[in-house]
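Below is one structure, written out as structure tokens; the observations come after it.
Nothing in this text is a laboratory measurement; each read-out follows from the coordinates by a stated rule. Since the structure is predicted, the reported quantities are computational estimates derived from the model, not experimental observations. A quick note on method: Cβ atoms are made from the backbone with ideal geometry, for glycine too, and the neighbour counts reach across all protein chains shown.
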Amino acid sequence: MKTRSLILFLLIAAIIMTSAWGVFCGVSLGAERFAPMEVLQGGADLQGEASIFLQLTPAEGVEVTEEQINEMTDILYARLDNQGFKQSSVMLIGENEFEVRLPVNTNSDFQDLDQIAEILYTVGNVYITEKSDKNAVLITREMIERVELQSNASGKFSFFLIMTDEGKEELEKVTTEISERKREDEKYVRVYVDDTQVSELSIRQPSTEGYFGFSSSYTEYKAERLANILNAGCLPVALETVAEENVSARMGIEAWDDMILCFGLVTAAMMFILVLVFRVSGLINALTLAAYQAALAVVLAALGIRLDGAGMACLAAVFGYLIVSLVYNNHAFKKQFEGGKNIRAAYKTAYTETTATVTNMGMILLVGFVALLASGTAALESMAYAYGVALLMAYLCVMLVNRMLFALMVRVTADKPALYFPVKKTTEGGNA
Amino acid sequence: MMQSRNLKLGILVLVIALVAALIFGVGLGQDFTDGYLVRINSANAFDEVTVNKIYEAFGGKLGELRIQYAQDHYNAQLLIHVQKAEQADADKMVEIALEDNEGAYLRGFDTVTNHNGAAAFRKYTFLVLVVYLLGMAYVWYRQGRSGGVAALAGSSAAFLLVIAIQSIAGMYFSEATFMGVSVLTIVFAQMMIYLLNDSADAKAGLLAGEDADTLAKKAWIGGKSKVIVLTAAIAIFALTGCVMAEGIIRNFMTAILMGACSAALMTVLIGLPTYVLFAHKYMLKAGAKKKAKAIK
């Protein structure tokens, strides 16, 4: 029994240490490479970002108003949100330039700034005209409320322009008039987006439902991108890309490396202190810490959660929670042992006793996570997720990993309390 | 009574810090305010020496100063964000850049309008309050009214202290130093208060006729190691950062250190005394009421 427990303990310890080494140093598995730390994504303040500078290009002699600037800022934010760049910022530089800051850096999955710039500078003016005359606009952008997409069995995407009340009436009037035309070639209309024709179709019957549908040959990505652009709104003033730049981290060019090194050093220091103070219990705690850091890095990398400065502060808070929980367990264990219990009984009672407190401390942290997540603030989403994932990992490590390792170790060393703390038998039969 | 003295001392420390902060002024960083952008371009890459020289020349003079390296297809660029500046400052920056980079020239000096800055700050402040109130409500739920009041007093004092210290130190609040450090300080204070209250075992102590000081002593004996460990873990982390890193990241680590220390200090000076004094006053009162009711 003892030998089996010892082998199992050593096996789990070896797995934890090997996994931690693999996670932090990276391992090559044939052509593949397992290196979560290399793909871990940092936020703009720690790992850098990208900037796109867009210049306002109004028609000659036209002044851009403050309302238009505000409207454009909202539209740019909406387009970025729709494309998944929720942590972006849009700032007005001078009077005729926007700087759009994107959380795109060397570790990002998507790095094509040209495509993002195109999403931003597309005006989004969708309208329907007669085929014969591009200037004969039948349905204007103002009459279209939103755009919906639908795919058919062959993977083709159809666009549906959903009309406003005014647009519905106009569409019915226009389609009735066109469908009644005698000549077949006069029944055709064209759909344009920013002067680019996206579809041509004939009107056979009046449209009374309040929407106008047309098919396209667009791929899923292209169709969704266009729908997102159109749904975010039409820019009142045209934009032109001036520059696309990769920008270093806001907290300094070395910020990410410094931060990771700090976490590494403090983990190593705490492992050393725990072993020094708590002996075998400390060794188990040190293994728990290693398991926590490795598991956290893997989960954050796998889920693609971006770590920014605020997220790092939350990770530090959870790290403190983990340390204090481990120390709390050890103190309870020592207290039970000093009360006269043997090692196994002391371990069992101590863990039962501390569960409520450790859970309650975790709950105090959890409410913070819930509040951040429920706020719906896009900029804080990654902070909230990093916080939540770290909290879950810490709780699981304290409740499962630490407990399991302790259970195995007390089986092996039940008769050797000196491995845990300095022991002296008291005259009353207790331990001191 | 020792605890009353601690509480008074805690309030005094807080008031002094807040008054000093009001005098020095709370500095909102560029994440929340408008500012200026100086763009210096060159065909050659800029090095750290240039950046350090600009930090030395303008640090602390133009509000929050943030310098980032940028690179487009053809040019290297320094993006220098400041909160207040004049054309002369931009020209001076170019002069400094020219000392180490011959091709440096001023690409632009423009105002920056951060449309969402003020709204973001208001939203973050509201969120910090929500985090604080929810944490307090949970401690109240687990440890009763005394625990809730202690969490309310202790964590709000810790939050105000960390804001005040950062202001006195002339630090600017960015998203990370405001949101991250505030959340860390509040949850730390609430965890510490919960742990100390838990160790006090107030109900049993009051039944045994213990006074507030004895309860506090018991709480401190039972909970001090955890409070110290919690503070020490973060202090080691933040101090490592302060020693190793430079510039803005060092400020961030300093803010984390301030957060952990404020939480520990206010827990001991305000959270714990509030708990034992409140428990002593109201639990005994409630007990006497119950007794009187039973006699009736």
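Quick rundown of the values:
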| read-out | value |
| --- | --- |
| Dipole magnitude (debye, nearest 20) for the stretch B:35-112, charges at Cβ of Lys, Arg, Asp, Glu | 260 |
| Qualifying aspartates and glutamates (Cα of each under 19 Å from Cα of residue A:168; at least 8 residues distant if same chain) | A:130, A:142, A:145, A:148, A:177, A:180, A:209 |
| Dipole of the stretch A:165-316, positive direction: furthest Cα of A:227, A:264, A:167, with charges on the beta-carbon | A:264 |
| Shape call, the stretch A:125-220: gyration tensor on alpha carbons, a/c limit 1.5 | rounded |
| Cα centre as origin, Lys/Arg/Asp/Glu Cβ charges: the protein assembly as shown dipole, Debye | 6820 |
| Percent RCO, i.e. relative contact order, over the stretch B:136-200, from Cα pairs under 8 Å lying at least 6 residues apart | 44 |
| For the stretch B:250-261, 3J(HN,Hα) per residue [Karplus equation, 6.51 cos²θ - 1.76 cosθ + 1.60, θ = phi - 60°, Hz, x = Gly/Pro] | 5, 4, 5, 5, 4, 5, 5, 4, 4, x, 5, 5 |
| Relative contact order (%) - chain A, alpha-carbon pairs under 8 angstrom, separation at least six | 21 |
| Peptide-level mean, for B:135-145, of C-beta atoms on other protein chains within 10 Å | 3 |
| All aspartates and glutamates inside 12 Å of residue B:53 as judged from Cα atoms, apart from same-chain residues fewer than 8 positions distant | B:95, B:99, B:100 |
| Hull shadow area, averaged, the stretch B:35-112 [alpha-carbon convex hull, nm²] | 4.3 |
| Residue-wise HN-Hα coupling along the stretch B:17-28, computed from phi with Karplus coefficients 6.51, -1.76, 1.60 (Hz; x: Gly, Pro) | 4, 5, 5, 4, 5, 5, 5, 6, x, 8, x, 7 |
| Entries in B:217/B:281; B:8/B:226; B:8/B:291 that, when Cα-Cα distance is taken, lie over 21 Å | B:8/B:226; B:8/B:291 |
| Surface/4 of the Cα convex hull for the protein assembly as shown, nm² | 44.3 |
| Cross-link reach list, lysines versus residue A:348, counting only Cα pairs under 20 Å and skipping chain neighbours closer than eight places | A:2, A:334, A:335, A:416 |
| Relative contact order computed over the stretch A:256-325 (Cα-Cα under 8 Å; 6+ residues apart), in percent | 17 |
| For the stretch B:171-239: span of alpha carbons on each principal axis (Å, largest first) | 50, 20, 16 |
| Net +/- balance of residues flanking residue A:415 in space, Cβ distance below 12 Å, scoring K and R +1, D and E -1 | +4 |
| Amide H contacts under 5 Å for residue A:138, placed H, 5+ residues apart | A:128, A:129, A:130 |
